[in-house]
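One structure is given here, and the rest of the page talks about it.
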Amino acid sequence: MRQRSGGSGDTPRERHPLFQIDGVTVRFGGLTALEDVSLAAWPHEVHGVIGPNGAGKTTLFNVCCGFTAAESPSVRWRGDPVPPPRPHELAARGIARTLQGLGLFRGLTVLENVMVGADRFRRSGFASALFGLPRSVADERAVRNRAQRALRDLDVDGCAAAYPDSLPYPIRKRVALARALVSEPELLLLDEPASGLGHDDMGELGELVRGLSDRMAVVLVDHHMDLVMSVCDRITVLDFGRVIATGGPDEIAANPAVVRAYLGEEAHT
Amino acid sequence: GAGGRPDGDSGGAETGVTDDTITIGAHFPLTGVAAPGYSEIPTGAKAYYDYVNANGGVHGRTIEYVYRDDAYNPTNTSQVTNELVLRDEIFAMVGGLGTPTHGAVLDFLHDNEVPDLFVSSGSLLWDQPDTYPMTFGWQSDYEIEGKILGQYLAEHHSDAKIGLLLQDDDFGEDGEKGVRAYVDSQIVSAQRYAPTTNDVTPQVSALKDAGADVVVGFTVPSFTALSQLSAQRLDYDPQWVYSNVGSDSALVGSLLSRFSEGAVEDASSLEGALTTEYLSGVEDSGDPWVELWQRVWEEHGGDEPLTNYRIYGMAQAYTFVQTLQATGPEPTREGLVETLESSGGEFAGPTLSPFRYSPDSHAGVSGVRVAEIVGEATEPLTPVLLTDNGDAEITEQESDQAPPPEDGIPDAPAGN
Amino acid sequence: MSQATTGVRRFLPSSPPARHLLFTGLGLVAVVLVAEIVSDFRHAQLAAMAYYAIAAAGLTVLTGLNGQISLGHGALMAVGAYTTALLLDGGTLPFGVAMLAAAAVTAGVGVIVGAAAARLHGPYLAGATLALAVGLPGLAVYFDGLLGGEQGLPVATPTPAQWFDDALYFLTGQELGQQKFLAYLAWGTVLLVFLLLANLMTSRYGRVWRAVRDDEVAATLAGIHLGRARVLAFVVSAACAGLAGSVLAMVVRLTAPSGFTIVLSLSLLTAVVVGGLGSLTGAVLGAALLVFLPPAVTDLGTELGLTAVRAAQLAPLVYGIVLVAAMLTAPSGVVGLGRRLWNRVRNEGSKA
Amino acid sequence: MNSTLDDPPTERPETGLRIRGLTARYGPVLALDEVDLTAPRGQITAVLGANGAGKTTLLRVVSGLLRPSGGEVLLGSRNLTDSAAEDVARAGVAQVPEGRGVITELTVEENLRLGALLGATRSRAAGDGTPAAPPVPVSDLPDVFALFPSLERRRRQSAHSLSGGERQMLVLGRALLSAPEVLLLDEPSLGLAPKVVARIFAVLRELVDAGGLAVLLVEQNARSALSIADTGVVLNLGRVVACSDASALAADDELRHAYLGF
Amino acid sequence: MQRFVDLTLNGISQGAIYAAFALALVLIWRSTRIVNFAQGAMAMLTTYVALVLIESGQPYWVGFAVALVAGFALGALVERLVIRPVEGGPELNAVIVTLGLFVALQALAAILFGSSYESFPAPFALTGFTIGGATVAFTPFNAFVILAVLAVMLALVALFRLTDLGLRMRASALQQEVSRLLGIRVGRMLTLGWALAAVVGSLAGLLIAGGSLIHPAYMEPVIVFGFVAAVLGGLDSPGGAVTGGLLVGLALSYVSGYLGSELVALAALAILVLVLLARPQGLFGRTTERKV
Ligand SMILES: Nc1ncnc2c1ncn2[C@@H]1O[C@H](COP(=O)(O)OP(=O)(O)OP(=O)(O)O)[C@@H](O)[C@H]1O
Ligand SMILES: Nc1ncnc2c1ncn2[C@@H]1O[C@H](COP(=O)(O)OP(=O)(O)OP(=O)(O)O)[C@@H](O)[C@H]1O
Ligand SMILES: [Mg+2]
Ligand SMILES: [Mg+2]
């Protein structure tokens, strides 16, 4: 079932994780959403984060993206300490994320949606856009080409001119993914990419994610165990804001604490 | 140019003048915050022109009076003046209202050589014959009014502490200048209110705090009323002195007296306040001019009552008809200006004192008299006092005001 | 029918800026044609329409593309107008420089206002900008020594350069009057502003503004600094307002606080929405509504035999009713309505 | 409409929800094409189908949010076809909408109170003070909190702060509080942890078995849906392509591969 | 010192008026998520209704009550006829509709009642209380205004916090579709919201008019400052509206008294900007921290 592209899970080719965050503690008033959680994303690896609803998965992503401030996280990028990221700097740092909802721009066509994702590759400035200088035109063309390529890669170039609302849900999910991928990230954070997808689409998504791990590190949150178990090299399980288990898919599936807190007996098929 | 003259005895056709009509225009705030009161002025003027037209017009021509709304916004004034000048092709602008509003079209009217008569504002701007040779003021300007009030106070309230309540524009500023020329040292506080506000209690309270026992207000009527209400609230009762603009006792008094009908025992009206006059008002029922206005309004006005604003409009219209009569049967724009410069100073009319018109001056009425408000009417305290801007002296007017002509229409002077 | 449109499209340049240049050229021809045909009175109306159109175009970028409501653009126009009045006062500065300076100064104010506005949303932004519209003109009264108080500052009228006069005479054989010159000046500015705004709207900036409007979080994740994008939109739109104020000052020849009341700000917003939010064509249509509707209603009222006072009161009544009716029948503005009709015609055409 | 508890549901099938020849369009798009189906009381009817099959549309038409262009919707003897959404809700049809059904500006408790209010309205409308629907295990707030403990701790928190799964729980709890006769669930498992899904399905089964509740369950997750459903209906491109016993459906390999993908 | 006391008391009584108006805005915002720019014009219209009655010889309180009833009817009518179609649509469309309504109603009043100043009576004395021999800028009528405003505020808080009706109204405003699925008659709630807000607005109109002058545009300054007050307090909160109103009233009174009245509007701007920079949701507005 697993189509691993390399043995990266067991013998990392790199000495350092691409991205590492340690000691994440987040409190909302009296509620502790995360307590001393760590997460490391290795290149060429798909890392799953699972856990019950409200365990803090999305919050952890939010800390990684700088949307939520944690108490004293230490962040490393390829082993070097860096300041905690700020949301609008992520794209430039090579981090992309999809949202638990869709987060598509309703007033922009599919192509434009993806072009926004490619914004970091532009080179010309305000004046050349204002006066319509050739530099800006060329720049615009380049960004458009990138976006078209990204759409083609995900097989949704047919609806480039459509507006997101008019498209079926699975297509929209792909567009959202295309927008994340067009920025050519090194780290991709996927928050529930499979929610709402049918069986076939989920299968394709799994293959796609595996394919992506050749090019980048992927961290994935989802509640579909089929998907998580089949694509992840390593899994972290959160419960009540704490890490209760880490390990390969098989270890996790067999971990009684995980079964108790998350999987339940029945769904474990 | 509209309508050539077929009999061609003068050859030239003047814009806005045809064989049987003369078209003139004006701008007023007919809507918006400034509309109350001011929007009545053109209705008065219109009634008088209708009256004249019904009685044969001026030299055989009827007067077509077009007035447009500018909502007291200079941008709109500019637009409606364009409309009046370029589309309606008026012969002259007569009585356009407001300092900032009319200020916006001074240059335009000048460039298009449109006579700009009798601006409805007491600003000094209209008296610049060198820059604006076709613009004329009409009413007494705020400075001379201030001077005459100042002199009166210096004589009759020489020990008083004087406070000033001033509208924060040229009206208050010019008035203050005039008052200070005589009683500068007596002034204990000068409070200004922005015409856009709706609350003058802080200002009145400051005057009370400064211990002013005479308060001179250069206020428009609504703020006169508001200042009275604020004073009543603070139980503050100085000797009030209001500029002519804001002392319309018929209006303000009736507004205020309504409050006394209710739970307020202490009737607050303008009783006993001092003011100035350059025209007789509705309440002076014995006055022959007022009788004329009442007749005109009954015949050509609407159902609404005659007010001092309407009298103002009629009096202004009277002066314009007078000017036309004097200009003769072939009115030209230059002729109009010439007439005013040469003989405008001698016009006898509804104003208590003559105009200051001459080749060197386009300033309006030369003087006012100080009066006390008694009930809804006024009782003169001084003869009509004449003066001019700057340090011109104040003198008493010698002659009495002439009554209106029998038919209520100014005669064409002999020789024309 | 659709073939006809694609046929036309084939002859259009493919890059947006080139297309905009072409349209501007066509616009210029249209302006000259209209200006040479109509009367001086219409020139004055056209000039008025122009300054509304410029300000509305700036506002439509801000509100339509970036989703920020501003009820305070009238105050920004005042900044441009006062700047122009002060700079033209000496009589030595060319009016073009004064206009540029007006745009620049207002853009500077736009940075400050925009920085505050960037943190606010919906009614909070509306409230703050409303306070701006009402508060800022107070400065002119406070600094009455410099800014002329309630009475305002007179503005020197610009005069055409000799070459312009000559060129136009050569082209049309007609004299260039003051009104006509102002109309040319105003519409020349409109064309220029529209050209630049169209470039921006089709560039990445337009796209980024729309993205920020639609989804802040997703936009941030795409690497967009929300605050910067918002402030930039505000600055661009403020510069337009400043330019509009500058043109207004020169056309009206006076700049006074009473010319920049809240009514002006609200009119601009109305023009933008009724014309069609986010569209430059809509801005022009909205401006036309502001200039031509009230006098038309007043005239109609007078013709129906109403007194001038009644007719004048009729204008705001009808104006208000038109606003309500427009929003109920064409919620996407005149441009949106046109687009819908056009699509229907085209669909029927292609079915046939 | 006032059926009694001891009525075996199968004997009075007309007491559930019946849909006859239902057709709906979005402009030119035909989203539902002559759909017939029945959701009897005391049963779970699963509606399955790929993305875009028309499942959500079906529920929106039933709950009155969308006007059908043909066909009818009957609740017991009552015709709900052209009723407004609020009247359908008051008649006892509760919908758990897909995605955003939480009023995020209200607190968790206020959201739940809205459900309870509808329940109270319904029992008042029934006249005699007894609940309009048979007693269900979830009749007040504590019951909801027992079912979804994580909501209790967030009771006074604004619903905005909830996680995706917590929101889904909130909407479910709210719908149950309205004491519905028919429960329309649009992908209730969306974003929920496997354990919670299992619990919810078990609770549903319990509710249905306890008495008159009819459940129309729309699910992507065909396998687990069929495992608790009595009947399965498969939609494809707005049409019913199969309708039979849940276990039979699950066993039909051809159908499974063509439409259900497992 | 006397001056300071006077300015303070005057600020409080002016502030109460802004608060009354802000309460109406808050009510409509909470129950329909629309900022009603026509609120002032609607209030002006009903105040004229009261004036016509009072001038025809009816007692003040009859005019007062009829004006409130008229406000209720007008609010409901306006919502049904012109607001309903734009509800749930783009935010700006509703803004433009209320602006259009504002302009039209004001023009209508000018046509119906003429555009001149009218004095509007007050039910209580208009001379300030005398404290320690000095008369202060606070009249029995001012006291009535403040009591009325506080009563309305408490009523609104109770409505929204404690009653089911309030909860239904809020839900309808926030999510129409979900509310309908919960059996709420959304249309009725929205109409009710407008009607109640128009009653509160009419009350504000009457309180402002009392013992002062009215004309078709008399509400204009109040609209601006009332809106500023509502935004300052956080549009969602009745308590915020009253706090905001008093704050604006006091600040403007001090500015007008000590600095100059031309700075009043500018001061309002300054306060608003300062507060909103620190709290973009207003003083009492709830912030929604979670974005993702
Ligand atoms: N701004 C906030 N204020 C208060 N509580 C919050 C806030 N944000 C998140 N929480 C709480 O923190 C907890 C963790 O939320 P988070 O969204 O990370 O959960 P999750 O693991 O992603 O769950 P799910 O699988 O349901 O999406 C939740 O219980 C949520 O209610
Ligand atoms: N508002 C709309 N306007 C136009 N077409 C729509 C609209 N909503 C849905 N559709 C179309 O109607 C069809 C049925 O959609 P529906 O949402 O009912 O499917 P679904 O079975 O619920 O899918 P999913 O599993 O993705 O939720 C689809 O083709 C969809 O594109
Ligand atoms: Mg989550
Ligand atoms: Mg669906």
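Structure data summary
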{"read-out": "Nearby lysines by direct alpha-carbon distance to B:Lys208 (threshold 16 angstrom, same-chain neighbours under 8 apart not counted)", "value": "B:Lys161"}
{"read-out": "Kirkwood-type radius of chain E, with distances r between different C-alpha atoms, in Å", "value": "19.4 Å"}
{"read-out": "Taking chain A and dividing mean pair separation by its residue count, relative contact order in percent (alpha carbons under 8 Å, at least six apart)", "value": "27 percent"}
{"read-out": "Cleavage-rule hits, trypsin sites (Lys or Arg not before Pro), region A:153-261, DSSP coil, Cβ neighbours within 10 Å at most 16", "value": "A:Arg215"}
{"read-out": "Alpha carbon centroid spacing (whole Å) that separates region B:122-162 from region D:9-69", "value": "85 Å"}
{"read-out": "Average beta carbon contacts from partner chains per residue of A:65-73, 10 Å cutoff", "value": "2"}
{"read-out": "Region E:2-278, relative contact order [Cα under 8 Å, separation at least 6], %", "value": "39 percent"}
{"read-out": "Per-residue ³J(HN,Hα) for region A:228-241, Karplus 6.51 cos²θ - 1.76 cosθ + 1.60, θ = phi - 60°, Hz, x for Gly and Pro", "value": "4, 5, 7, 9, 7, 8, 8, 9, 10, 10, 9, 8, 6, x"}
{"read-out": "Given charges at beta-carbon only (K, R positive; D, E negative), |dipole| of chain A in Debye", "value": "1080 debye"}
{"read-out": "Dipole of chain C, positive end: most advanced residue of C:Leu306, C:Ala115, C:Gln162 [Cβ charges, Cα centre]", "value": "C:Ala115"}
{"read-out": "Anchor E:Lys291: aspartates and glutamates whose Cα lies under 19 Å away (excluding residues fewer than 8 positions away in-chain)", "value": "A:Glu71, A:Glu89, A:Asp191, A:Glu192, C:Asp214, C:Asp215, C:Glu216, D:Glu105, D:Glu166"}
{"read-out": "Ranked packing of B:39-47, D:239-247, most packed first, by mean Cβ within 10 Å", "value": "B:39-47, D:239-247"}
{"read-out": "All Cα pairs of region A:105-183, percent lying beyond 18 Å", "value": "39 percent"}
{"read-out": "Inter-site label distance for E:Leu147 and C:Leu171 at 7 Å from Cα along Cβ, in nm", "value": "7.4 nm"}
{"read-out": "Chain C: DSSP helices with Cα axial extent of at least 18 Å and average Kyte-Doolittle hydropathy no lower than 0.0", "value": "C:16-37, C:40-60, C:73-88, C:95-117, C:122-135, C:178-202, C:226-252, C:262-275, C:280-303, C:308-329"}
{"read-out": "Test item: E:165-172 mean partner chain Cβ contacts at 10 Å", "value": "3"}
{"read-out": "Average Cα contact separation per residue, region A:105-183, under 8 Å, 6 or more apart, as relative contact order %", "value": "49 percent"}
{"read-out": "Residues of region E:76-111 buried by at least 50 Å² on assembly (accessible area, 1.4 Å probe, chain alone as reference)", "value": "E:Leu92, E:Asn93, E:Ile96, E:Leu99, E:Val103, E:Ile111"}
{"read-out": "5 angstrom amide H check on D:Gly70, placed H, neighbours 5+ away", "value": "D:Thr23"}
{"read-out": "For chain B, alpha-carbon Rg relative to the globular expectation (2.2 N^0.38 Å, N residues)", "value": "0.97"}
{"read-out": "Accessible area buried at the B-C interface, both sides summed, 1.4 Å probe (Å², nearest 100)", "value": "2400 Å²"}
{"read-out": "Cα-centre dipole for region C:89-212 with unit charges at Cβ (Lys and Arg positive, Asp and Glu negative), debye to 20", "value": "820 debye"}
{"read-out": "Label-to-label distance, nm, for residues given as A:Asp200 and C:Val29 (7 Å Cα→Cβ offset)", "value": "5.4 nm"}
{"read-out": "5 angstrom amide H check on A:Arg234, placed H, neighbours 5+ away", "value": "A:Val46, A:Gly48"}
{"read-out": "Share of carbon and sulfur in the accessible heavy-atom surface of the protein assembly as shown [1.4 Å probe, %]", "value": "56 percent"}
{"read-out": "Table column - 3J(HN,Hα) (Hz), region A:242-247, Karplus curve with 6.51, -1.76, 1.60, x for Gly and Pro", "value": "10, 7, 9, 6, 9, x"}
{"read-out": "Set of lysines with alpha-carbon distance to D:Lys55 below 22 Å, sequence-local pairs under 8 removed", "value": "A:Lys173"}
{"read-out": "Area hidden from solvent between B and E (accessible, protein heavy atoms only, 1.4 Å, total, Å²)", "value": "3000 Å²"}
{"read-out": "Estimated 222 nm signal from helices in the protein assembly as shown, with DSSP H stretches of n ≥ 4 weighted -39500 (n - 2.57), rounded to 500", "value": "-16000 deg cm²/dmol"}
{"read-out": "Coordinate range along principal axes, alpha carbons of chain D, Å, largest first", "value": "48, 39, 39"}
{"read-out": "Whole-Hz couplings from phi, Karplus 6.51/-1.76/1.60, listed for region E:108-123; x for Gly and Pro", "value": "4, 4, 4, 6, 6, 10, x, 9, 10, 6, 10, 8, 10, x, 10, x"}
{"read-out": "Selection from E:Phe4, E:Val224, E:Ile54 lying farthest towards where the dipole of chain E points positive, charges on Cβ", "value": "E:Val224"}
{"read-out": "Inter-chain shielding of B:24-36 (mean C-beta neighbours from other protein chains, 10 Å cut-off)", "value": "6"}
{"read-out": "Packing-based order for D:73-80, D:24-31, using average beta carbon neighbours within 10 Å, highest first", "value": "D:73-80, D:24-31"}
{"read-out": "Amide H partners (placed H, <5 Å) of D:Ala31, local residues excluded", "value": "D:Ala24, D:Arg25, D:Tyr26"}
{"read-out": "Inter-site label distance for C:Trp342 and D:Arg67 at 7 Å from Cα along Cβ, in nm", "value": "3.0 nm"}
{"read-out": "Inter-part distance where region E:176-238 and region E:34-113 are each reduced to a Cα centre, Å", "value": "10 Å"}
{"read-out": "Cβ-placed point charges (K, R +1; D, E -1), dipole of region B:374-416 about Cα centre in debye, nearest 20", "value": "80 debye"}
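The values are calculated or read from the model by the stated rules, or taken from the named source; none is laboratory data. Values in this document were obtained by computation on a predicted structure and should not be read as measured data. Neighbour counts are summed over all protein chains in view; Cβ atoms, including those assigned to glycine, are modelled from backbone coordinates with ideal geometry. Remember, those area values only see protein heavy atoms, side chains included, never the ligands or the DNA or RNA. Shrake-Rupley method; radii C 1.70, N 1.55, O 1.52, S 1.80 Å.
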